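A short write-up of the structure that comes next.
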Amino acid sequence: MIRLPAARQRTRKALLIISFLLFPIIMNYFSPYVIIAGAAQGIVNGSLVMFGLLFLSSLLLGRLWCGWACPAGGLGEICFPINNRPVQLKKIDWIKWAIWLPWMGIIIASVIMAGGYQKIDLLLDTQNGISVAGDAERPILFAYIIYYMVVGLFVGLSIFVGRRAGCHTICWMAPFMILGRKLRNIPAWPALRLKADPARCTDCLTCTSNCPMSLDVNGLVKSGHMEHSECILCGSCVDGCPSKAIGYSFSKGK
């Protein structure tokens, strides 16, 4: 892989690492279980609000969160020195949808059985806002077991499958943003996206080699259409392209 010299990539990776270091505090705000627990009690909780915000942000920013601030994504990139092998997208991308669809069904059914959302508790299942903490009902050891199970799952997938494998297989957050992006692409209102100039491309394949999501970026450039549901707008292709054939754009179009 060609090294990316841009300060933007150093900043991006620093933000991902910081987000992962904060994971013991923020974990339950992204929890697929806590949102079910809240739904069953008719409680609007932190994870419900966070997933809603991720969907809304994707209407303008696509999956920028995944590339710049996701703690699980940061953990995946920390594992790159161990296994930087591209994953086979067609073989594994369906898995997250097989998880997400029944999970959403459980949430909806839980809300209906609870008679709808009736109250708000954004700190549900946290101790003064901290996720990995104990209380009278839940020992701190239990919280750490859950934490290390989540971390171990993402690390294991990265080590044994390849680049950001957790993003392609078990991420329950990505579908919210993928659907938001697809919704945005119908009217194609102005949003953050990538644009390419195929005439400037020299087929060096640096963009494809550097893509943390294992996309055929060179093929996207040659087609002149940079939209892909697995693109996280990390800018690795933008900053690594020696001919400057790819750039960010906040504009209409797909």
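Each reported figure results from applying straightforward, stated rules to the coordinates on display, with no laboratory input. Quick caveat, the model's predicted, so the values are computed rather than measured. All Cβ positions, glycine included, derive from the backbone under ideal geometry; neighbour counts span all protein chains shown.
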note = For Ile92, Ile178, Ile35, ascending order of other Cβ atoms within 10 Å (fewest first) is Ile92, Ile178, Ile35
query = In straight Cα distance, which lysines are under 16 Å from Lys244, not counting same-chain residues fewer than 8 positions off?
reply = Lys195, Lys222
note = Residue separation between Ile99 and Ser223 times 0.36 nm, minus their alpha-carbon distance, gives in nm 41.5 nm
message = Please report the antiparallel percentage of DSSP beta bridges with both residues in the chain, rounded to the nearest 5.
response = 70 percent
Förster radius 25 Å - calculated FRET efficiency between Leu22 and Leu183 (Cβ-Cβ, nearest 0.05) = 0.25
task = Place the peptides 148-158, 44-54, 198-208 in order of packing, highest mean first, counting for every residue the other Cβ atoms within 10 Å and averaging per peptide.
result = 44-54, 148-158, 198-208
task = Report the extension gain between Val49 and Thr11 in nm, rounded to one decimal, defined as 0.36 nm multiplied by the number of residues separating them, less their alpha carbon distance.
result = 11.0 nm
task = Give me the distance in nm between label points sitting 7 Å out from Cα along the Cα-to-Cβ direction at Asn83 and Ile108, one decimal.
result = 3.4 nm
key: Spatially proximal aspartates and glutamates relative to Lys96 (Cα-Cα < 13 Å; intrachain offsets below 8 disregarded)   = Glu230
query = Which value in nm describes the separation of the simple spin-label points at Ile146 and Cys204, placed 7 Å from the Cα toward the beta carbon?
reply = 4.7 nm
ask   = What net charge is computed for the residues neighbouring Gly73, neighbours being all others with C-beta under 13 Å from the C-beta of Gly73, Lys and Arg scored +1, Asp and Glu -1?
value = +3
query = Which of the peptides 180-192, 73-85, 163-175 is most tightly packed, and how do the rest follow, judged by the mean count of other Cβ atoms within 10 Å per residue?
reply = 163-175, 73-85, 180-192
request  = Calculate how steeply helix 174-185 sits against the longest principal axis of the alpha-carbon atoms of the chain, using the helix alpha-carbon long axis, and give the answer as 0 to 90 degrees to the nearest 10.
outcome  = 60 degrees
remark   = Expressed in angstrom and rounded, the centroid-to-centroid distance over alpha carbons for region 79-147 and region 191-251 is 32 Å
